[in-house]
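> Next up is a structure, given as structure tokens.
The values are calculated or read from the model by the stated rules, or taken from the named source; none is laboratory data. Just so it is clear, the model here is predicted, and its values are computed rather than measured. Note: ideal-geometry Cβ built from the backbone for every residue, glycine included; neighbour counts use all protein chains shown. Ligands, DNA and RNA are stripped out before the accessible areas are found, and what is left, the full protein with its side chains, is counted by its heavy atoms. Shrake-Rupley method; radii C 1.70, N 1.55, O 1.52, S 1.80 Å.
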Amino acid sequence: MTLADAAIDLRGLRKTYGSLEAVRGIDLRVERGEVFALLGPNGAGKTTTVEILEGHRTRTAGEISVLGHDPGRNEPALKRRVGIVLQQTGVDLYLTVREVVEMIAGYYPAPRDVDEVIGLAGLTEQRDQRVKKLSGGQRRRVDLAVALAGDPELLFLDEPTTGFDPSARRQAWETVRGLTALGKTIFLTTHFMDEAQALADRLAIIADGQIVASGTADELIGATSAATRIRFRLPDGAIPPDAAGARVAGSAWEIETDAPTRALNLLTGWALETETPIGDLEVNRRSLEDVYLQLTADAEATE
Amino acid sequence: MNGLALALRQIRYENRAFWRNPPAAFFTFAFPLIFMVIFNVLFGEGASAFFTPAIIVFSVITATYTNLAMTVTIARDEGILKRIRGTPLPPWAYLAGRIGHAIVIGFLLVVIVAGFGAIAYGVEIPWAVMPTVLLVLVVGSASFSAIGLAVTGLIPNSDAAPAVVNATILPVLFISNVFIPIENAPAWVDAVSHILPVRHFADAMLGLYAAGSAADFPWQELGVMAGWGLIGVIGALRFFSWEPRR
């Protein structure tokens with residue numbers, strides 16, 4: 001495959017602001033039709049990266065292909081094929097939802113039907129209301145509708161659900177899933193682990209301007225040593241067998257292992273034999289959040 | 001759609017949004033008339049021959065320079081400009097839409113002020129030199145639009161916009177034969193005002209109103225205004241920004 005086959009291909013992207021290195025050598029590849037999430041804490045370089053891809057910012061170094069174009073050139077040919085939901089954007093508050101979408105749709109050669117776009121964004125009921133009258137969450141939906149107006153192949157969503165209540169977030173996720181069904185490629189930034197896990201086919205974790213891990217959520221969880229965590233309580237004074245590898249974690253015990261069957265067998269065998277009651281037994285796969293916190297903490301530690 | 005059609009379409013949307021904020025629209029039109037009435041009361045009956053063309057000039061400057069410098073800065077802070085920048089709309093077509101709308105409002109104001117001057121104060125509209133009057137209005141509104149856009153590049157954010165805009169235009173209006181007839185001013189004030197474009201806009205309009213067909217064609221005034229317009233265009237190209245500086 002050549003550079004142009006991917007929706008996005010980034011090699012050695014760097015961005016410095018004066019002496020501050022916001023992005024220090026990022027390589028990324030996003031295939032067509034996939035949802036890709038760039039996950040990282042605030043200030044890690046997510047927005048800088050996505051805004052360079054959108055053409056809003058210049059880069060210091062690196063090669064970029066977005067749908068075969070260099071976004072730094074500001075070509076209308078690329079802008080016609082891309083939709084952008086920025087973190088903070090405005091529309092004219094005195095126009096109605098329909099007028100705003102219609103206005104933006106007119107900038108594109110082959111826009112999607114205006115009412116269909118409004119429906120996709122979940123704004124059919126608010127269609128004839130002025131943007132000024134809408135709630136914050138509804139205005140965020142206007143952002144999405146505007147980004148979809150030109151029927152883009154590639155959609156950038158920069159922290160699309162920040163500030164949403166939990167039910168609005170779930171609704172927004174449903175909307176994004178609906179878009180993937182239309183064959184759109186989606187590049188998403190977020191600092192919510194559950195969002196990345198729920199939506200993304202593949203993701204990359206960025207910390208301190210560098211990619212510290214990338215792959216599917218399963219690959220990321222599996223790639224770190226102990227993928228399963230077993231937690232339980234024991235009566236005072238009871239100590240599990242050494243072979244189980246348990247350690248004290250607060251008022252409970254914890255085992256982190258790659259071989260949970262064996263660990264559980266050892267633990268429950270020992271409990272039956274010694275007639276020790278095991279309380280609050282939990283067996284959890286490590287979550288993406290654990291991986292994320294570990295990786296981003298490692299990145300900070302090496303600073 | 002080609003760029004020109006897109007720009008015209010943009011004017012229509014700007015216009016629609018403008019009229020949906022009636023208090024803002026009302027005071028946009030009432031503002032120059034309030035000044036006109038107050039000046040006529042303060043300076044007496046004979047003053048209307050001066051203040052009708054002077055307030056016409058003030059109206060055009062308010063509608064273009066003041067209005068664009070303020071609203072474009074606010075739109076920039078709100079992220080409207082950045083959003084437009086991410087679409088295939090040519091940037092010039094968007095700005096042309098905003099300028100076009102400002103000029104439409106400016107011309108409506110001119111009609112209202114000239115009409116009010118004629119009806120309320122009997123100040124005759126200079127029909128005999130109407131093509132020249134229109135040329136002065138076109139060059140004036142285009143130049144002050146360009147300067148207004150250039151100034152947005154010097155305004156860091158919308159909080160600073162009213163201070164910067166007022167501080168740059170009000171003193172100039174006072175020394176440029178618009179708010180006060182300048183005949184008794186010290187020579188250096190007269191000299192300074194001749195460097196700036198407002199004085200030339202005012203002198204051209206006052207001359208056409210006062211002398212009618214006997215007025216000289218205002219070459220020099222149009223030249224200075226156009227020169228400032230060119231500086232505005234160069235400044236806008238150099239300093240215009242699609243995102244606020246924070």
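> Return the sequence-ordered ³J(HN,Hα) values of segment A:70-85 in whole Hz as given by the Karplus equation 6.51 cos²θ - 1.76 cosθ + 1.60 applied to θ = phi - 60°, using x for Gly and Pro.
8, x, x, 8, 6, 7, x, 4, 7, 4, 5, 10, 10, x, 10, 10
> Here is a follow-up. Of all GluC sites (Glu not before Pro) in segment A:1-109, which ones are in loop regions per DSSP and have a Cβ with at most 15 other Cβ atoms within 10 Å? Present the calculation step by step, with values, prior to reporting the outcome.
Working: sites: A:E21, A:E31, A:E34, A:E51, A:E54, A:E63, A:E99, A:E102; in loops: A:E31, A:E34.
Listed in order of number, the matching sites are A:E31.
> How much of the DSSP beta bridge set in the protein assembly as shown is antiparallel, as a percent to the nearest 5?
Rounded to the nearest five, the antiparallel share is 65 percent.
> Classify segment B:62-195: rounded, prolate or oblate, from the alpha-carbon gyration tensor (a ≥ b ≥ c, eigenvalue square roots; a/c under 1.5 rounded; otherwise prolate if a/b is larger than b/c)?
Values: a/c = 2.39, a/b = 1.45, b/c = 1.65.
The shape class here is oblate.
> Another question, if that's okay. Please give the peptides B:197-205, A:118-126, A:151-159 ranked by average Cβ packing (other Cβ atoms within 10 Å per residue), highest first, as a rough proxy for protection.
Working: B:197-205: 26.6, A:118-126: 18.3, A:151-159: 21.6.
Going by the mean number of other Cβ atoms within 10 Å, highest first, we get B:197-205, A:151-159, A:118-126.
> Is the shape of the protein assembly as shown best called rounded, prolate or oblate, per the rule: a/c under 1.5 gives rounded, else a/b larger than b/c gives prolate, else oblate, with a ≥ b ≥ c the square roots of the Cα gyration tensor eigenvalues? Provide the component values of the computation, followed by the final result.
On the way: a/c = 2.94, a/b = 2.89, b/c = 1.02.
Cα axes put the protein assembly as shown in the prolate bin.
> Rounded to the nearest 500, what is the 222 nm mean residue ellipticity of chain A from helices alone, with -39500 (n - 2.57) per DSSP H run of 4+ residues and division by all residues? Numbers along the way, then the final one.
Details: 10 runs with 101 residues, N = 303.
Result for chain A, helices only: -10000 deg cm²/dmol.
> Membrane-span-like helices in chain B: DSSP H runs reaching 20 Å or more (Cα, own axis), mean Kyte hydropathy at least -0.5? Provide the component values of the computation, followed by the final result.
Numbers: long enough: B:3-19 (24 Å, -0.15); B:22-43 (31 Å, 1.95); B:91-121 (44 Å, 1.69); B:130-152 (33 Å, 1.94); B:161-175 (22 Å, 2.00); B:197-211 (21 Å, 0.61); B:219-239 (29 Å, 1.04).
Helix filter hits for chain B: B:3-19, B:22-43, B:91-121, B:130-152, B:161-175, B:197-211, B:219-239.
> Roughly how many percent of the accessible protein surface of segment B:38-136 is carbon and sulfur, given a 1.4 Å probe and a whole-percent answer?
On the way: 2630 of 3540 Å².
Reported share for carbon and sulfur atoms: 74 percent.
> Right, something else. Once amide H atoms are placed 1.01 Å from N in the peptide plane, what residues at a sequence separation of 5 or more from A:A207, or on another chain, have their amide H within under 5 Å of its amide H?
Long-range HN contacts for A:A207: A:V212.
> Here's a follow-up. Got a sec? Which residues of segment B:1-32 lose 40 Å² or more of accessible surface with every protein chain in place, vs. that chain alone, 1.4 Å probe?
When all protein chains are present, B:R9, B:Y13, B:A17, B:R20 each give up 40 Å² or more of accessible surface.
> DSSP beta bridges in segment A:225-285, what fraction antiparallel, as a percent rounded to 5? Let's see the in-between values first.
Working: 13 of 13 bridges.
Here the antiparallel bridges make up roughly 100 percent for segment A:225-285.
> May I pose another question? Would you mind checking the pairs A:K184/B:K82; A:K133/A:K184; A:K132/A:K184 and listing those with alpha carbons more than 28 angstrom apart?
The answer is A:K133/A:K184; A:K132/A:K184.
> Using the Karplus curve 6.51 cos²θ - 1.76 cosθ + 1.60 with θ = phi - 60°, what ³J(HN,Hα) values do you get for each residue of segment A:158-175, in whole Hz, with x for Gly and Pro?
9, 6, x, 10, 4, x, 7, 7, x, 6, 5, 5, 4, 4, 5, 4, 4, 4
> Next question. Cα gyration tensor of chain A, axes a ≥ b ≥ c as square roots of the eigenvalues: rounded (a/c below 1.5), prolate (a/b > b/c) or oblate? Could you put the intermediate results ahead of the total?
On the way: a/c = 2.74, a/b = 1.84, b/c = 1.48.
Judged from the Cα gyration tensor, chain A comes out prolate (a/c at least 1.5, a/b above b/c).
> What is the antiparallel percent of DSSP beta bridges lying wholly in chain A, to the nearest 5? Kindly include the intermediate steps, with their values, before the conclusion.
Working: 33 of 51 bridges.
Within chain A, antiparallel bridges account for around 65 percent of the total.
> Could you state how much accessible area is buried at the B-A interface, both sides summed, with a 1.4 Å probe, in Å² to the nearest 100? Don't skip to the answer; put the middle values down first.
On the way: alone 12160 and 14820 Å², together 24600 Å².
What B and A bury together is about 2400 Å².
> Where the centroid of each part is defined by its Cα atoms, how far is segment A:192-265 from segment B:150-209 in Å?
Taking the Cα centre of segment B:150-209 as reference, the centre of segment A:192-265 is 70 Å away.
> If you don't mind, another one. Could you give me the ³J(HN,Hα) list for segment A:185-195, computed from phi with Karplus coefficients 6.51, -1.76, 1.60 and θ = phi - 60°, whole Hz, x at Gly and Pro?
For segment A:185-195, the Karplus-derived couplings read 8, 10, 10, 10, 10, 7, 10, 9, 4, 5, 5 Hz, x marking Gly and Pro.
> Could you please state how large a percent of the accessible area of chain A is carbon and sulfur, counting protein chains only and using a 1.4 Å probe? Walk me through the numbers on the way to the answer.
Details: 6450 of 13700 Å².
After summing per-atom areas, the C and S share lands at 47 percent.
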